[in-house]
Each structure stands twice: as C-alpha cells, then as structure tokens.
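Notes to accompany the following structure.
Laboratory data are not the source of any read-out in this text; all were calculated from the coordinates shown. Since the model is a prediction, treat every value here as computed from it, not as a measurement. So basically every Cβ, Gly included, is an ideal-geometry build from the backbone, and we count neighbours across all protein chains shown.
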Amino acid sequence: MSDQPAIILSSVDYDRLDGLLAKVKELSPVHEQLLLEMERATLVEPEQVPADVVTMHSKVRFKLKSSGKEFEKTLCYPHELEAISDGLSIFAPVGAALIGLSVGQHIDWPMPGGQLDQVEIIELVDQPERKGEYHR
C-alpha cells in the first residue's frame, strides 16, 4: 500500500497500542497492518496533536468509498466496546484505518475478504486532546 497519507500518533496512544499488541499471542492481518501504520507514524506528545487528527477516544465521521455510506463512531480499545454505545475497536479493520488520519485525508485499507476500500475522514466531531484530556 504505497502512497499512504502521513499520519500522526500521540505518544500515549502509541505506547498503549504497543502494549496491547505485545499481549496478542497470534497477530491477525488487522494487527499486522496497525503495527505497520504505527511504524510509519509521526509521534508527538499529546499536547502537540493537531485538532483535526483522529486519536483514541475521538468521535469521527467517516465514509467508505465502496458503499458511499457515512458513519459516526468513537474509536476505542477492544475492552471498552461494551461501555461505548457508538464504539469502534482499534482492532477492527476500519478502526485501525482511522487512527492518525486528519480531516479530509483518505486511506486505502484492506477489509475482511481481502478487498481494498477507501476510508475518508469527513469530520472530527470530538477529540480528547482538543479538550485538554491528554491521558485518556
């Protein structure tokens, strides 16, 4: 997947994701793709995350090109799914695609079944860092 957009990760998100992935006994294709994204990301301190970048616990409106459907979800860790009604796990294919992207960016991403789809960020409805929440 060449020509992917630049992505930004907060050091807190990176460390937490790295810790979660280290505990996974057998990496799935989604885990492997997320690791690749983490490796190519620009890391910044939480206070330096731009206001339009998707971070963990961000509520994001995005579109899938294949269907044209728009979704509004909160990016979360797998163990938080039950507590967050509109939660989307970072370990879901679309969740892994969203992290680090900015409003207006899109990324070609492998989906279940092996096909690629384009995920586009339409709006960042809420972001913890914009509210001064740096360690959520």
Extreme residue, farthest from A41 (Cα to Cα), among residues of segment 78-92 that are surrounded by fewer than 21 Cβ atoms within 10 Å (Cβ to Cβ) and in contact (Cβ under 8 Å) with a residue 60 or more places away in the chain: A92
Might you check whether a residue that is closer than 23 Å to V24 by Cα, surrounded by fewer than 17 Cβ atoms within 10 Å (Cβ to Cβ), charged (D, E, K, R) and out of contact with any helix residue (DSSP H, G or I) (no Cβ under 7 Å at 6 or more places or on another chain) occurs anywhere in segment 102-121? no
If you check Q33 against the conditions, is it crowded, with 17+ Cβ neighbours inside 10 Å, in contact with a strand residue (DSSP E or B) (Cβ under 9 Å, 6 or more places away or on another chain) and more than 20 Å from D126 (Cα to Cα)? yes
Given the conditions (1) touching a residue at least 60 places away in the same chain (Cβ under 8 Å); (2) within 20 Å of P110 (Cα to Cα); (3) touching a strand residue (DSSP E or B) at 6+ places or on another chain (Cβ under 6 Å), report the number of the one that D52 does not fulfil. (2)
Looking at (1) under 22 Å from L21 (Cα atoms); (2) touching a Ser or Thr at 6+ places or on another chain (Cβ under 6 Å), which one does V49 not meet, given that it meets all the others? (1)
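From F71, F62, which residue is surrounded by 20 or more Cβ atoms within 10 Å (Cβ to Cβ), closer than 15 Å to E123 by Cβ and of a type in the set (A, V, I, L, M, F, W, C)? Give the steps one after another, and end with the answer.
Working: F71 fails: surrounded by 20 or more Cβ atoms within 10 Å (Cβ to Cβ).
That would be F62, the only listed residue that is surrounded by 20 or more Cβ atoms within 10 Å (Cβ to Cβ), closer than 15 Å to E123 by Cβ and of a type in the set (A, V, I, L, M, F, W, C).
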Determine, yes or no, whether G132 is out of contact with any strand residue (DSSP E or B) (no Cβ under 6 Å at 6 or more places or on another chain), surrounded by fewer than 19 Cβ atoms within 10 Å (Cβ to Cβ) and under 24 Å from D3 (Cβ atoms). no
